[in-house]
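Reading through the structure tokens given below for one structure.
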Amino acid sequence: MKPFEYLRARTTAEAVRASTGRPGAVFLGGGTNLVDLMKLGVATPDLLIDVSGLPLDQVADTADGGLRIGATVRNSDLAAHHAVRTRYPALSQALLSGASGQLRNTATTGGNLLQRTRCPYFQDTSKPCNKRVPGTGCPAREGAHRELAVLGHSTDCVATQPSDMAVALAALDAVVQLHGPDGERSVPVTDFHRLPGDTPERDTVIRPGELITEVLLPPAPDGAVSLYRKARDRASYAFALASVAEVVTVRGGRIQHAALAFGGLAHRPWRARAAEEILRGATVTDDTFTRAVDAELAAARPLRDNAFKVELARSLAVDALAALTAPA
Ligand SMILES: Cc1cc2nc3c(=O)[nH]c(=O)nc-3n(C[C@H](O)[C@H](O)[C@H](O)COP(=O)(O)OP(=O)(O)OC[C@H]3O[C@@H](n4cnc5c(N)ncnc54)[C@H](O)[C@@H]3O)c2cc1C
Ligand code: SF4
């Protein structure tokens, strides 16, 4: 591992100040992704600014009935939080479907959002990879891509965004709060992660030196039910091949609110706007669900070995809609 300096930040301002104008500085949350990448030689920071002890470790109600989640809240604490379990069950389920108990005890909200792709070429410094070293190529496109993207990929990168939590946050219309050298700003989670295009080295819209301080959840729509479903190669301790987060309200047999996001299919959580448009105002039938999900997945462009993901995502999403809208 390359030598590096270590600074334990005591305040948000101190963390931002230490990173300003220092391209080799990175924030350290729980370290469960960053330290692994440093050991592999994929990440080579010269300064680690440890933000895990910042006073951003609370989950609190907001005045409008939503929730404010500090960036250093641990994944296990967030999953177990009463307000999350009762008002935003999809978020709790997504968190619990990720990693292992030990990792969730260490991983933070900010770090989870910014964890990097699990594409095997990205993690192997002996291989070319446009995301790790821009301009070197994308061996995954013709190589091992069974677990990689079917939506929104480019000739330069076919990686997927690995966070389960981010998928639930996308369906819940969460907003990321950032604090950087130029002040504070808010970015909806749906706009936070990027499609790869010809700059796959940038996973998100975060700017140099910006710290995630919190994630805001708007109030859940009246009468909303939500869930997260994930398909993976093993029953636990595996990333999603495909996953879906759904938030739905039904009144008088008609769908009033529908928000769907897919995971494991794209370089970012894939908010299913085409499906939502068909679902909104429609009657609750299996035919409606299939039509809506098919309309969304019509945009899929599977690679040689991952067409199965489209069918997997279709079944997950249609079954989840049926489960969410079934009479109690
Ligand atoms: C074996 C294994 C299995 C896993 N399985 C899953 C899974 O199934 N689903 C899943 O979702 N995840 C899974 N994970 C990933 C795990 O969830 C992430 O490693 C973890 O959430 C990252 O959080 P962290 O706090 O440890 O981040 P770190 O490793 O500390 O940081 C990750 C990135 O975020 C940046 N960062 C951290 N905090 C901030 C902040 N506040 N502001 C700005 N930047 C910040 C860091 O600079 C770094 O770039 C798995 C991990 C392992 C090792
Ligand atoms: S898919 Fe993206 S991360 Fe994987 S090898 Fe290609 S450029 Fe690298």
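Per-structure values
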item: Residue that is at negative phi and either among the aliphatic types (A, V, I, L, M) or surrounded by fewer than 16 Cβ atoms within 10 Å (Cβ to Cβ) (or both), where the choices are N130, N112, N105; result: N105
item: Some residue of segment 9-29 being open to solvent by less than 30 Å² (accessible area, probe 1.4 Å), in a loop (DSSP other than H, G, I, E, B) and near ligand 1 (Cβ under 8 Å from one of its atoms); result: yes
item: Candidates R85, R104 - the one that is charged (D, E, K, R), at pLDDT 95 or above, outside any loop (DSSP other than H, G, I, E, B) and within 17 Å of K230 (Cβ to Cβ); result: R104
item: Residues of segment 282-299 satisfying the condition of being open to solvent by 20 Å² or more (accessible area, probe 1.4 Å) and within 23 Å of F239 (Cβ to Cβ); result: A299
item: Any hit, segment 103-119, residues being β-branched (V, I, T) and either within 12 Å of ligand 2 (Cβ to nearest atom) or under 30 Å from L303 (Cβ atoms) (or both); result: yes
item: Matching residues in segment 30-71 - criterion: being of a type in the set (A, V, I, L, M, F, W, C), part of a loop (DSSP other than H, G, I, E, B) and open to solvent by less than 40 Å² (accessible area, probe 1.4 Å); result: V42, A43, V51, L54, L56, A71
item: Residue match in segment 180-203 (condition: open to solvent by 30 Å² or more (accessible area, probe 1.4 Å) and near ligand 2 (Cβ under 9 Å from one of its atoms)); result: yes
item: Selection status of N75, open to solvent by less than 70 Å² (accessible area, probe 1.4 Å), in contact with a helix residue (DSSP H, G or I) (Cβ under 7 Å, 6 or more places away or on another chain) and within 16 Å of ligand 2 (Cβ to nearest atom); result: no
item: Any hit, segment 205-218, residues being open to solvent by less than 10 Å² (accessible area, probe 1.4 Å) and either out of contact with any Leu (no Cβ under 8 Å at 6 or more places or on another chain) or at pLDDT below 95 (or both); result: no
item: All positions within segment 124-153 that are within 9 Å of ligand 2 (Cβ to nearest atom) and among the polar types (S, T, N, Q); result: N130, T136
item: Unmet criterion (only one of (1) open to solvent by less than 60 Å² (accessible area, probe 1.4 Å); (2) among the aliphatic types (A, V, I, L, M); (3) closer than 21 Å to A94 by Cα) for A235; result: (1)
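The values are calculated or read from the model by the stated rules, or taken from the named source; none is laboratory data. Just so we're clear, the structure is a prediction, and the values are computed from it rather than from any experiment. All Cβ positions, even for glycine, are placed from backbone atoms using ideal geometry, and neighbour counts span all protein chains on display. Accessible surface is based on the protein model in full, side chains and every heavy atom, while ligands, DNA and RNA are left aside. Shrake-Rupley method; radii C 1.70, N 1.55, O 1.52, S 1.80 Å.
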